[in-house]
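**Q** The following block contains the structure, expressed as structure tokens.
The values are calculated or read from the model by the stated rules, or taken from the named source; none is laboratory data. Predicted model, so just to flag it, every value in this text is computed and none were measured. Heads up, the Cβs are rebuilt from the backbone with ideal geometry, glycines too, and the neighbour counts pull from every protein chain shown. Surface accessibility is based on the protein's heavy atoms, side chains included, excluding ligands, DNA and RNA. Shrake-Rupley method; radii C 1.70, N 1.55, O 1.52, S 1.80 Å.
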Amino acid sequence: YIFYLAESFGQNYPEVQQQHIYMALTCTFNRWGTLLAVGCNDGRIVIWDFLTRGIAKIISAHIHPVCSLSWSRDGHKLVSASTDNIVSQWDVLTGDCDQRFRFPSPILKLQYHPRDMDKVLVCPMKSAPVLLTLSDAKHVVLPVDDDSDLNVVAAFDRRGDYIYTGNAKGKILVLNTNKQDLVASFRVTTGTSNTTAIKSIEFARKGSCFLINTADRIIRVYDGREIMTCGRDGEPEPMQKLQDLVNRTPWKRCCFSGDGEYIVAGSARQHALYIWEKSIGNLVKILHGTRGELLLDVAWHPVRPIIASISSGVVSIWAQNQVENWSAFAPDFKELDENVEYEERESEFDIEDEDKSEPEQTGADAAEDEEVDVTSVDPIPAFCSSDEELEDYKALLYLPIAPEVEDPEENPFGPPPDAAGQNATPDDGSAHSGPGDKKQRQPSSDGGPPKKKIRTTTIELQGVPNDEVHPLLGVKGDSKSKKKAAGRPKGSKGKDKDSPFRPKVCWDRAEGLGTPGKTTFDPCVPPGSGARMLQVYCPPPIIPMMPCNKTRVLKPA
């Protein structure tokens, strides 16, 4: 990263597009930008190594599509939300699920606390935001300005001291994170004093600025210090108002650059990214993707001028077009645009220069006798916050990757298959486990080490409808078509309906109708292959050693 950090006088925004992971819906970088987590349509979480440009880990997280992701501060944990109202916490190294939370309504967004890894902010659909405490599985419903308006979005500020919430009437509330008290508030208005709905709130990684994406197609940039100064019912003026005056483009997703000097906004009509300079407010670049595709998510790299965007299930990486600089290999090398006449010195090609005098040891020659410290490592300023002097050496920057063996030995390190079968329990891991219960472990299906029992907590929210469908699954038309997209069979009632972890209903990709006996496992079907989504009832077991919550391709009988 030294090349990008040292080049501060060049352009600091990307221009070139590359395409990578398929079936993607959402993506987010870790704090250092070394790993990119991608939530897929088949419920998997793909962790992409940005240094090797390859997949470092795949977690079979959910049955339904992953709609939101967030990294913890140290990079060891990852929280995800799926369209079946489930929030899960994952251990990135092992890929195991620590605990799950079941909400009554779909999850629009979730975010880890920037400093406290025990708190997660969740924004359910048509509900007030919820602050989760992971250690004791408790939750706090944040106060709202109007109880009748529950279309609320929320976000932590840069250090997590305050929570900013915004509703459909343009009212912004600033709440204290620990006490949930109201600290400041203001209303976003248009030129005619009419209010506009708040779509999203995003904070910069550096500085005190944040942006508000509203329904009037204007991105307003505010200074957090001015908001605190104005107090309750203040009238702060935005630093910048960013919009597309020609096309009146609505914005799907907005975010700051790593240094906070640029703002990128993704169009809700097409795959196009608009980049503005924050200090001046001028539009510096428009990045156009494939025509006819709709944008789903945008993420800017924390350190480098790189943007990741998702459209039609494909992750596109926008980066700078690197130009070869040969003078970097030799300090005395000089590039010439045209031929230059060179005058040779008299003693230039002599073996020994007789007229040369002995130079005195000054500068670099005199420094050769000094001791050089090669053991201590200086912290990288880009990885440290303004109130930190040292890096977090316990942080997880990279994932170890094991080499692929063509003919591996059968179960070389685990217990024998007979012993693993005797210790198996019929528990599916979806039951509650209190703090006083003993940790029960069940062996994995591949004969590996046993997996611990997953604790699932049901979050009860008063007055929240439980028949809502996530916007990712919504289909234009009547209400009946929307309910079919939720992935629930009409005949499931009682306990089976309230337990999404029972492996009975699966989303399958099918090329043609067939029988469950003619199934083959294909976890990744590229888009545009003619595959279509079907809702299939699968009585267990279908295939030995394969759980029913996997993605399958049904072949014609």
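**Q** Determine which residues of the range 155-170 fall in the zone a paramagnetic label at ALA268 would reach in this model, i.e. backbone nitrogen under 18 Å from the point 7 Å along Cα→Cβ.
**A** 166-170
**Q** What does the C-alpha gyration tensor say about the overall shape of the range 284-356? Classify as rounded when a/c is under 1.5, otherwise prolate if a/b is larger than b/c, or oblate.
**A** prolate
**Q** What is the extension gain from SER385 to ASN194, computed as 0.36 nm multiplied by their sequence separation minus the C-alpha to C-alpha distance, in nm to one decimal?
**A** Going from the current span to full extension adds 64.9 nm.
**Q** Counting only residues 5 or more places away or on other chains, whose amide H sits under 5 Å from the amide H of ASN151 once H atoms are built in the peptide plane?
**A** Sorted by chain and number, the residues that satisfy this are ALA168.
**Q** Would you pull out the residues with amide H under 5 Å of THR457's amide H, same chain only if 5 or more places away, H placed 1.01 Å from N?
**A** ARG100, PHE101, ARG102
**Q** Can you give the FRET efficiency to the nearest 0.05 for ASP392 and VAL183, using r as the Cβ-Cβ distance and R₀ = 35 Å?
**A** Details: r = 29 Å, r/R0 = 0.81.
With a Förster radius of 35 Å, E is 0.75.
**Q** Measuring with a 1.4 Å probe in the full set of protein chains, what accessible area per residue, in whole Å², belongs to the range 137-262? Could you put the intermediate results ahead of the total?
**A** Details: 5730 Å² over 126 residues.
For the range 137-262, the per-residue accessible area is 45 Å².
**Q** Another one. Quick one: if you stick a label point 7 Å off each Cα along the C-beta vector at ILE351 and GLU237, how many nm between them?
**A** Between ILE351 and GLU237, the simple spin-label model gives 7.9 nm.
**Q** Classify the range 179-273 as rounded, prolate or oblate, taking a ≥ b ≥ c as the square roots of the eigenvalues of its Cα gyration tensor: rounded when a/c is under 1.5, otherwise prolate if a/b is larger than b/c and oblate if not.
**A** oblate
**Q** OK, next. Sorted by accessible area (1.4 Å probe), largest first, how do GLU346, GLU352 line up?
**A** Result of the area sort, largest leading: GLU346, GLU352.
**Q** How large is the accessible surface per residue of the range 59-109, computed with a 1.4 Å probe and reported in Å² as a whole number?
**A** Accessible surface, normalised per residue, equals 21 Å².
**Q** At R0 = 51 Å, how high is the FRET efficiency between SER148 and LEU283 if r is their beta carbon distance? Nearest 0.05 is fine.
**A** That pair, SER148 with LEU283, gives E of 0.85.
**Q** A further question follows. By the gyration tensor of its Cα atoms, with a ≥ b ≥ c the square roots of the eigenvalues, what is the shape of the range 233-274: rounded for a/c under 1.5, prolate for a/b over b/c, or oblate? The partial results should precede the final answer.
**A** On the way: a/c = 2.32, a/b = 1.37, b/c = 1.69.
Here the range 233-274 falls in the oblate category.
**Q** Within the range 267-332, report the chymotrypsin sites (Phe, Trp or Tyr not before Pro) that DSSP leaves as loop and that have at most 10 other Cβ atoms within 10 Å.
**A** PHE329
**Q** When the accessible area of the range 52-152 is split by element with a 1.4 Å probe, what percent falls to carbon and sulfur? Spell out each step's value before the answer.
**A** Working: 1590 of 3200 Å².
Ligands and nucleic acids excluded, carbon and sulfur reach 50 percent.
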